[in-house]
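The values are calculated or read from the model by the stated rules, or taken from the named source; none is laboratory data. From a predicted model like this one, the values you see are computed outputs, not experimental measurements. When we count neighbours, we look across all protein chains shown, and the Cβ atoms used for this are built from the backbone with ideal geometry, even at glycine.
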Amino acid sequence: MNPKPTKRPKTKSDKAFERLLMIIGIALLIAFLLGALAGAGINNAIRNKDTAEAHEPGVLTVAAAQEPTKEPELWIDLGPFTCVAYDACTDCCGKTDGITKTGTKATAGRTVAVDPEVIPLGSTLLIDGQEYIAEDIGGAIKGNKIDIFHNSHAEALEYGKQTHTVQIKAE
């Protein structure tokens with residue numbers, strides 16, 4: 001008679017490999033769903049800011065565009081972020097030229113600083129119904145924190161610290 005084989009205990013690398021396989025599976029599922037949306041003729045979906053409602057982070061939001069000439073867009077909910085403000089002064093940036101990490105001139109109503117490990121530079125974001133572009137970084141901007149550019153230090157101070165749900169445009 002042959003002895004019954006014994007099962008070896010899982011090592012840390014076994015567990016890490018299983019986690020990696022799970023992440024790959026999730027990524028494939030997301031890619032499949034996005035492909036299914038594109039294949040169904042929905043290349044993009046716009047988030048209707050007039051009917052905004054709370055969503056779970058990571059949930060795809062699809063809504064019809066208001067203008068028939070505008071193709072719909074796809075927005076992905078990133079969840080709540082702490083939003084603060086800055087301007088092109090030495091107190092906020094240590095310099096006054098207003099040039100962002102991406103080389104653009106910081107512009108109020110467009111420029112935000114992000115943690116590039118969370119949000120890639122160049123991404124279009126939707127914050128409280130306003131579209132912004134992730135053009136800058138900041139030493140204190142880590143994790144789920146965004147710095148919104150303003151025209152003056154007084155405006156930046158008035159903005160203070162707020163929490164908003166942030167969405168990123170799927171490109």
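If you go through the range 114-133 and keep only what is in a loop (DSSP other than H, G, I, E, B) and of a type in the set (S, T, N, Q), you end up with just 123.
Here the range 130-144 is the region considered, the condition is being among the small types (Gly, Ala, Ser) and surrounded by fewer than 14 Cβ atoms within 10 Å (Cβ to Cβ), and the residue that is modelled with the lowest pLDDT is 139. When the range 67-95 is limited to residues that are more than 29 Å from residue 31 (Cβ to Cβ) and in a loop (DSSP other than H, G, I, E, B), the one that is modelled with the highest pLDDT turns out to be 87.
In this structure, does residue 98 turn out to be without any contact (Cβ under 8 Å) to a residue 24 or more places away in the chain, buried (at least 16 other Cβ atoms within 10 Å of the Cβ) and more than 30 Å from residue 31 (Cα to Cα)?
Working: without any contact (Cβ under 8 Å) to a residue 24 or more places away in the chain: yes; buried (at least 16 other Cβ atoms within 10 Å of the Cβ): yes; more than 30 Å from residue 31 (Cα to Cα): yes.
Yes.
Given (1) crowded, with 18+ Cβ neighbours inside 10 Å; (2) more than 28 Å from residue 31 (Cα to Cα), identify the lone condition not met by residue 114. Residue 114 satisfies every listed condition except (2). Among the residues of the range 145-171, those identified as surrounded by 13 or more Cβ atoms within 10 Å (Cβ to Cβ), assigned to a loop (DSSP other than H, G, I, E, B) and touching a strand residue (DSSP E or B) at 6+ places or on another chain (Cβ under 9 Å) are 150, 170.
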